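These notes are about the structure you will find just below.
The values are calculated or read from the model by the stated rules, or taken from the named source; none is laboratory data. Bear in mind the structure is a predicted one, so any value in this text is a computation, not a measurement. The protein model used for the area step is the full one, side chains on, heavy atoms only, and it has no ligands, DNA or RNA in it. Shrake-Rupley method; radii C 1.70, N 1.55, O 1.52, S 1.80 Å.
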Amino acid sequence: MPIYEYKCPSCGNIVSVLVQGFGQSEGPDCEKCGTAGMKRIISRVNYHQSHADRLSSYDPKSRHSDSFYRDSRNIGLHAEHMLRKAGVKPTEEFKSKLENLRSDPSRVIKDEE
Ligand SMILES: [Zn+2]
């Protein structure tokens with residue numbers, strides 16, 4: 001399930017919310033000042049990095065920040081990295097599964113229902 005960060009437009013309070021489903025842009029009410037509808041913010045990750053860059057800079061031994069795991073585009077990066085290291089070309093099926101997961105992480109949960 002994706003985690004989004006929301007920021008209060010009045011007091012700047014930031015909360016992390018586990019979102020059921022995908023693409024929800026309307027946030028909860030601010031706990032600090034009571035302002036309704038906190039605004040979703042983009043996590044402080046590098047949003048302009050290409051996927052090839054991500055893959056080549058991926059280090060399986062390094063510890064990843066929370067924002068790494070929050071970023072749905074990093075789903076499957078480890079698997080891709082291992083395949084590449086082993087010299088195995090990912091199959092089209094594998095790639096399309098990853099694309100589905102990245103564009104709609106809630107699908108994993110749907111599939112298990
Ligand atoms: Zn507030």
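Values computed for the structure shown
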read-out: Cross-link partners of Lys85 among lysines (Cα-Cα below 16 Å; sequence separation of 8 or more within a chain); value: Lys61
read-out: Protein-only accessible surface order, largest first, of Lys39, Lys89, Lys95 at 1.4 Å; value: Lys89, Lys39, Lys95
read-out: Whole-Hz ³J(HN,Hα) from phi, Karplus 6.51 cos²θ - 1.76 cosθ + 1.60, for the range 53-62, glycine and proline x; value: 5, 4, 5, 6, 8, 5, 10, x, 8, 7
